[in-house]
Amino acid sequence: MADKMAGPRLDRRGFMGATTLGTGVALIGLGGTALAQAPATSGQVDFPDDPRAFGGGAPSGRNRTEMSLHDCEVEGDWPVDLDGAFYRVGPDPQYPKQAQYAGDIPFDGEGHVSMFRIANGHVDYRTRYARNARFVAQEQARRSLFGMYRNPSTDDPSVAGLNRGTANTQLFLHHGKLLVFKEDAPPVHMDPLTLETIDPEYTFGGRLESQTHTAHPKIDPATGGLIGFGYEATGFLSRHVNVYEADRNGAIFWSVTVEAPYAGMMHDFCVTQDYIVLYLTNMAADAAQIAAGGVHFRYDSSLPCYLGVMRRGGDGSDLKWFTGPNLFCTHVMGGWNDGTKITVDWDGGEGNQFPFFPSLHEPWDPVKGTGYIRRFTVDFAHSDSFQSETLFPEIQGVLSRQDDRFHTLPYRWGFLQVTGPNGGWAILDHQTGTSKIASVPGYQLSEMTFVPRSPDAPEGDGYLIGLGSSMAEAGRSDLILFDLANIEAGPRARVKMPYRCVGQVHGFWANARDIPGATSA
């Protein structure tokens, strides 16, 4: 009961711990018994009570309220010199689905962005939806117009051909713009201070050649540039992958389109100083399932996973697809290259980590889905396959992160959201091979983000920040800050929110000096 009342949990820890979840074979048009939902007999907004149904309350919950709170209640020793914004985004259903789509996955909710603006010990909170084409169309119709996840054939005819993107997965501040991502559409540009939507379909001045955009671009610390990619780049179910690089001002100067072995999920990727590293998991796009009214993906353990490597800045003709262990990896912790030798660290399991997507050959196995840090190594010039080893086997978790200032470079410190009964935030020291866990008794923690103590602080010198949900208070939220210099002391400070905050998938920290118009509170 405490788990259900603990509030929005959009990380995989919540999904993998919820036995009631799953897309449900019945609910994707492939047989079985559908979830019950009130018939659409009027225009009233009526979300289902069943927590398994879309918007039913677990694990994603729903908030639907755009809010502002000036001067939040702050407790403890909040660093007065911390000046910036902690941004978060997650799916927050705008409307309940029609009854036949009640089994849609929680990740299909509309993107709700929140911001904690922090300066001089003051913390202000603001949330706004990303008002893209999908959101505006439903707002005008006052009902849901979109069917199953990434399946346009299930949409209302009035939105045929409309951008289906939800902007609900991750967000970055780059070239002065807050860009909000969902991997099946271009990003949404929002004002980084007001969170008002500026451009519902941002294409870098028309230079973005892909119809899609990853939720996990990388920033090169050496140049300040942004590197991104999109799969199914040239159209629905296409095998094309577009990779681009933009300078620190957002001008795309390199773009190349290559072809993957099959159309499938490529959620994250790695960028080193010399290479682009793509990863194709065996969560394959399933045309037959889509035609039957189901969701976009189905896990196919018989398909190989591929590591695709090519040089940055080239024409893509040197792309090599390496096979190796079939590991379901989704989030990069860090990666680098030493000459032609490439190292990439991910979190991932031996099987399907997304139980809400159906499996083709076997039922979902929570043991095989358990995440560990997997280190992939490959020699671009000499290898025939990539190798994998498990790091920190004592730590199970998901949603790996690093000090974002060390994208593309060798790094020491990694962070992981720990799953299991003693969950928390793991701090992993790759130099010594040791680990620590920061936890808050009585709280469920969402994904953390690293915040440098100062913009020029050494790697790993700073804080971990993230939201915690109080299990004893129906999910009331605290923004929790740990000082990495003294994890053992517990949280250094927290912001005590008077309510359960909007849920999230990912978050991002931006220093005030990078936010146009930011002034100290």
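Observations on the model:
- ³J(HN,Hα) computed for each position of the range 181-191 - Karplus, 6.51 cos²θ - 1.76 cosθ + 1.60, integer Hz, glycine/proline x: 10, 9, 6, 9, 7, x, x, 9, 9, 10, 5
- When both the range 349-372 and the range 459-520 are represented by their alpha-carbon centers, they are found 30 Å apart.
- Proximity of backbone amide H atoms, modeled 1.01 Å from N, is registered between residue 178 and 190 at under 5 Å, excluding neighbours fewer than 5 places apart on the same chain.
- Potential lengthening of the chain between residue 431 and residue 321 amounts to 36.6 nm, from the contour at 0.36 nm per residue minus the alpha-carbon distance.
- Separation of the residue 49 and residue 160 label points, Cα + 7 Å toward Cβ, nm: 3.9
- In plain terms, the residue of 404, 108 with the fewest other Cβ atoms within 10 Å comes first and the most crowded comes last, giving 404, 108.
- Integer Hz, Karplus 6.51/-1.76/1.60 couplings in order for the range 231-237, x for Gly and Pro: 9, 6, 6, 9, x, 4, 6
- Multiplying the residue separation of residue 70 and residue 365 by 0.36 nm and subtracting their alpha-carbon distance yields 101.7 nm.
- Take the convex hull of the alpha carbons in the range 41-146; its mean projected area over all directions comes to 8.2 nm².
- Protection proxy ranking of 235-246, 133-144, by the mean of other Cβ atoms within 10 Å over each peptide's residues and highest first, is 235-246, 133-144.
- Working note: Karplus 6.51/-1.76/1.60 with θ = phi - 60° gives the range 301-312 the couplings 5, 7, 7, x, 8, 10, 9, x, 10, 8, 6, 5 Hz, where Gly and Pro are set to x.
- Distance between the C-alpha centres of the range 114-174 and the range 207-279: 22 Å, rounded to the whole angstrom.
- Taking every DSSP helix (H) stretch of at least 4 residues in the chain, weighting each as -39,500 (n - 2.57) and dividing the sum by the residue count yields a mean residue ellipticity at 222 nm of -1000 deg cm²/dmol.
- By the count of neighbouring beta-carbon atoms within 10 Å, fewest first, 268, 345 end up ordered 345, 268.
- Measuring against 26 Å, Cα to Cα, the residue pairs 218/341; 182/496; 218/496; 320/436 contain 182/496; 218/496; 320/436 as the ones spanning a longer distance.
- Average projection area in nm² (convex hull over Cα atoms of the range 117-212, one quarter of hull surface): 7.3
- Extension gain (nm, one decimal) between residue 201 and residue 153, 0.36 nm per residue minus Cα-Cα: 15.1 nm
- If R0 is 51 Å, the Cβ-Cβ spacing of residue 292 and residue 499 corresponds to a FRET efficiency of close to 0.80.
- Exposure proxy ranking for 361, 216, based on other Cβ atoms within 10 angstrom of each Cβ and starting from the fewest, stands as 361, 216.
- For the range 277-341, the spread of Cα coordinates along the three principal axes comes to 47, 25, 20 Å, biggest extent given first.
- Going through (i) 0.90; (ii) 1.06; (iii) 1.02, the figure that equals Cα Rg over 2.2 N^0.38 Å as computed for the structure here is (i).
- Magnitude of the charge dipole, the chain, Cβ model with Lys/Arg +1 and Asp/Glu -1, debye to 20: 700
- Pairwise label distance in nanometres, residue 389 with residue 259, each label 7 Å out on the Cα-Cβ vector: 3.7
No value in this document is a laboratory result; all are computed from the given coordinates. Quick caveat, the model's predicted, so the values are computed rather than measured. Every residue, glycine as well, gets a Cβ built from its backbone with ideal geometry; the counts of neighbours run over all protein chains shown.
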